[in-house]
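The values are calculated or read from the model by the stated rules, or taken from the named source; none is laboratory data. The shown structure was predicted, so the numbers you read here are calculated from the model rather than taken from an experiment. Every residue, glycine as well, gets a Cβ built from its backbone with ideal geometry; the counts of neighbours run over all protein chains shown. What goes into the accessible areas is simple: the full protein's heavy atoms, side chains included, and nothing from ligands, DNA or RNA. Shrake-Rupley method; radii C 1.70, N 1.55, O 1.52, S 1.80 Å.
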Amino acid sequence: MPGPPSRPLAADQRGNVLASFTFGTEDVLPGGAPTPMALTALWHRGAVVMVHDRFRSQWELPGGLLEPGESPRQAAVRELAEESGQIPDDPLLFVGYAEFLLGPARRAEYGALFTGRALRRRRVETDDEIGAVRWWEPATPLPGRVSAIDAYLARLTLPDGPH
């Protein structure tokens, strides 16, 4: 397996890096690092749902850590509902695995990326973790700070291909 590229695909303000992305099969896990998280890019009429994380003070894709015994797919569905209030209208599609290098120690982890569509936008109540939910059209800016890593991953899943 080749190492990460010398230049990251994206980086955030906290020093985390998206080192590589591997399109693939859900049951073929990448080697060399754990896969403790899952993210979802849910689309509705050209816009992807983004959540504003209060702790990190930035817009992100819904997602998070797997709970004990949970698959990445189960975590993606759960986190999508918990953070954004949205439910996909069809089963989520697996896109691939993102390789992250986290923090100053550059700890390697993988995250599973899923995508799907919503036929309608559901209302959501904010909570201690999520301060707001927005549908973002990637050609337009979001107010405030946006995770460059999550924006990159969202663009990978654009219904008409990455831009």
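Quick notes
- Per-residue ellipticity at 222 nm from helix content only, as computed over the chain with -39500 (n - 2.57) for each DSSP H run of at least four residues, stands at -4000 deg cm²/dmol.
- Couplings for region 76-91, taken from phi via the Karplus curve 6.51 cos²θ - 1.76 cosθ + 1.60 with θ = phi - 60°, read 4, 5, 5, 5, 4, 5, 5, 8, 10, x, 9, 10, x, 7, 10, x Hz in order; Gly and Pro are left as x.
- Three principal axis extents of region 12-163 based on alpha-carbon atoms, in descending order, are 39, 33, 32 Å.
- Were the residues from SER71 through ILE87 laid out at 0.36 nm apart, the gain over their Cα-Cα distance would be 4.0 nm.
- Phi to ³J(HN,Hα) by Karplus 6.51 cos²θ - 1.76 cosθ + 1.60 over region 124-141, Hz, x for Gly, Pro: 9, 8, 6, 8, 5, 8, 10, x, 6, 10, 9, 9, 10, 8, x, 7, 10, x
- Extended-chain gain in nm, criterion 0.36 nm per residue less alpha-carbon gap, THR25 and ARG106: 26.6 nm
- Heavy-atom surface analysis with a 1.4 Å probe gives the chain a carbon and sulfur content of 55 percent of its accessible area.
- Dipole magnitude of region 80-147, debye to nearest 20 (Cβ charges: Lys/Arg +1, Asp/Glu -1, about Cα centre): 260
- Computed on protein heavy atoms with a 1.4 Å probe, the accessible areas place ILE149, ILE87 in the order ILE87, ILE149, largest first.
- Per residue, the solvent-accessible area of region 9-67 (1.4 Å probe, heavy atoms of protein chains only, all protein chains present) comes to 45 Å².
- Each Cα pair under 8 Å and six or more residues apart adds its sequence gap; the mean of these over the residue count of region 1-62 is a relative contact order of 18 percent.
- Across the options PRO138, GLY103, THR126, the greatest Cα extent toward the positive end of the charge dipole of region 102-143 (unit charges at beta carbon of Lys, Arg, Asp, Glu) belongs to PRO138.
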